[in-house]
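Just below is one structure, and these are the notes that go with it.
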Amino acid sequence: MVEFVDGRTKLRVSHPDRVLFPDQGITKRQLMDYYAMVSSVLLPHYRNRWLTVKRWPHGLNGAMFYQKHTKVEGSKEEGLIHVHSAEDLLQWVARGVIEWHVPLALARDPHYHDWAVFDLDPYQVSWEQVVEAAGIMIRLLDLLELPFVLKTSGRQGLHIYIKIHPELGRDVSLACQLIAQIAQQTYPHLLTLQRLKKHRGKRVYIDYLQNSGQRTMAGVYSVRAVPGACVSCPIRVNEMGRDPRWWTMNRVIEKIAREGDLFQVSSPGVSLTQHLRDRGISEDKLRLWRPRGL
């Protein structure tokens, strides 16, 4: 066991040189270095939310542990997982956490989401098709005057987030379904709302159901448990053409140093349901709304 020191945090870490990503030889120490370096931009998006972690204590060739609860210090009871500091974050990474999954709601009211999301989920389609699908969704959101932020999933998808005034998850899901239906009905050859892969064909699935309940999304700046240790990275629209495998830990660190946190939203969230109603979009009027310029 050795001490891990990142300038502010000291931790006692077992097996720091254990290889977690065999193909690249990436060790626990290197993963901790990455999370220490991005903690200042990562923590604002994780803090005050109940998190889910995926742990690979012995690396990707070993068993994976999915965890939502942890023991409360000084008690026999269990509580939900949260992180408030770089030390909290790194303690979990020292225990083998590679992936962080984050809900769309704050811990104080988990039923009211302050983010809406579209998860563009490819299956047997090219990255070029994913980029085309994302371009359609982005043009539609621009037509609807809905500001958004964009990030890679860290695997093969793209996530489009909208900062919203907190609304019940079921209402957010319905609002996102209406937007997704407009896009799909306009481009039925490219987009689908079919959740089952066998029914999708060669189309990109717009997953709006991630907004329902208390589901989680791969956290921004989270490393993913894939060869190359790719990162769920916030990007600009003109960067969508890059293969998601481009966004490695080192490249993400360099990007943050150049551009800061692209996922930071300073404007207040939009009241999503009312915003759509003001534009004549609701469940009973959807067929009457026709997008111009999409």
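The values are calculated or read from the model by the stated rules, or taken from the named source; none is laboratory data. The shown structure was predicted, so the numbers you read here are calculated from the model rather than taken from an experiment. With ideal geometry, Cβ positions are generated from the backbone for all residues, glycine too; neighbour counts draw on all protein chains shown.
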- Restricting to the stretch 211-227, what's the tally of residues that are out of contact with any His (no Cβ under 7 Å at 6 or more places or on another chain), surrounded by fewer than 20 Cβ atoms within 10 Å (Cβ to Cβ) and polar (S, T, N, Q)? 2
- From Gly59, Gly96, Gly25, Gly79, grab the single residue that is at pLDDT below 95 and not assigned by TED's automatic domain parsing to the domain that holds Asp207. Gly79
- Which members of the stretch 60-86 meet the condition of being of a type in the set (Gly, Ala, Ser) and either touching a Gly at 6+ places or on another chain (Cβ under 8 Å) or buried (at least 18 other Cβ atoms within 10 Å of the Cβ) (or both)? Ala86
- Message: With the structure loaded, tell me whether Asp243 is closer than 19 Å to Asp119 by Cβ, surrounded by fewer than 22 Cβ atoms within 10 Å (Cβ to Cβ) and at pLDDT below 95 or whether it fails that test.
- Response: yes
- Query: What residue, among those in the stretch 17-29 that are surrounded by 19 or more Cβ atoms within 10 Å (Cβ to Cβ) and of a type outside the set (A, V, I, L, M), is nearest to Ala107 (Cα to Cα)?
  - Reply: Lys28
- Task: Assess whether Gln214 counts as being of a type outside the set (Gly, Ala, Ser) and closer than 25 Å to Ala107 by Cβ.
- Result: yes
- Top-ranked residue of the stretch 192-210 - restricted to ones that are out of contact with any strand residue (DSSP E or B) (no Cβ under 6 Å at 6 or more places or on another chain) and assigned to a helix (DSSP H, G or I), ranked as nearest to Tyr112 (Cα to Cα): Leu209
- Query: Just one of Val93, Val102, Val53 is more than 17 Å from the chain's Cα centre (by Cα), among the β-branched types (Val, Ile, Thr) and surrounded by 13 or more Cβ atoms within 10 Å (Cβ to Cβ); which is it?
  - Reply: Val93
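The rows are residues; the columns are (1) among the acidic types (Asp, Glu); (2) closer than 15 Å to Val149 by Cβ.
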{"position": "Ser212", "(1), (2)": "no, no"}
{"position": "Pro227", "(1), (2)": "no, no"}
{"position": "Pro234", "(1), (2)": "no, yes"}
{"position": "Glu239", "(1), (2)": "yes, yes"}
{"position": "Met249", "(1), (2)": "no, no"}
